[in-house]
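The values are calculated or read from the model by the stated rules, or taken from the named source; none is laboratory data. Keep in mind the model is a prediction, meaning the values are calculated, not measured. Cβ sites come from the backbone with ideal geometry, for glycine too, and all protein chains shown count toward neighbours. Accessible surface is based on the protein model in full, side chains and every heavy atom, while ligands, DNA and RNA are left aside. Shrake-Rupley method; radii C 1.70, N 1.55, O 1.52, S 1.80 Å.
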Amino acid sequence: MANTDRQRGRVRRARRRWAAMGLLGRIVTAVVAIAASLFVCLVVLGIVLASCSSEDEEPQTPSTSSTPALASESAKPTPTPTGSATATVTVTPPPRPPETVTTTAESSPEETTEEPPPNPDVYYENCDAARDAGAAPVYSGDPGYGPHLDRDGDGVACEPYFGP
C-alpha cells in the first residue's frame with residue numbers, strides 16, 4: 001500500500017512540474033527529448049553500418065580446385081606479350097530509311113461508318129436505365145444527363161461506386 005502511495009505521489013509531482021513549465025517549457029522539453037532520441041538512433045545506425053561494410057578489405061574468392069596443383073605446372077613461366085599492335089576501327093553510318101509517301105484517297109459517302117448523332121431527347125429515369133442502355137457514366141452536356149442522376153453534383157451522373 002505504501003509503495004502505491006509513493007508512486008502516486010511521484011506522478012502527482014511530475015504532473016505539477018509539467019503544468020508549471022508553461023507552454024514554451026513543454027515545447028522545449030519535447031523538442032530536446034526528440035532530438036536526443038534521434039541522435040541515439042543515428043549513432044546506433046552508424047555503428048551498425050560501419051560494422052557491416054568494410055571498404056579496406058577485398059572480398060575473398062573461394063578456391064574452386066579440388067586437386068592440388070602439380071609442381072611442373074606451377075614452374076612454367078607465363079608468356080608476356082611483346083611488341084605493339086594497332087587496331088583500326090571504321091564506323092559506317094546506318095542506312096537511311098526509305099522515304100515514305102502518303103496519299104489520301106477520297107472516300108465515298110457509302111464507305112464511311114460514322115455513328116449516328118446522339119438523340120438529344122434521351123431521358124433516363126434512373127441510373128439502372130442508363131447502365132442498361134450502356135450510357136453510364138453520363139457527363140454533363142451529354143444527352144440523357146439530368147441532375148436527378150448526379151447525386152454529388154460533380155457533373156458526372158451514374159458514376160461507378162467502388163465502396164469504402
Taking region 128-162, which residues are part of a loop (DSSP other than H, G, I, E, B) and open to solvent by less than 40 Å² (accessible area, probe 1.4 Å)? A135, A136, G146, L149, D150, G155, C158
Do any residues in region 133-145 that are closer than 13 Å to V122 by Cα have Cβ atoms under 9 Å from those of residues that are buried (at least 19 other Cβ atoms within 10 Å of the Cβ) and among the charged types (D, E, K, R), where the two are at least six apart or on different chains, and which pairs are they? V138/D150
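So that you can scan it fast, the table gives a plain yes or no per residue for (1) at pLDDT 80 or above; (2) β-branched (V, I, T); (3) outside any helix (DSSP H, G or I):
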site: V11; (1), (2), (3): yes, yes, no
site: R15; (1), (2), (3): yes, no, no
site: L23; (1), (2), (3): yes, no, no
site: T29; (1), (2), (3): yes, yes, no
site: A35; (1), (2), (3): yes, no, no
site: V101; (1), (2), (3): no, yes, yes
site: S108; (1), (2), (3): no, no, yes
site: N119; (1), (2), (3): no, no, yes
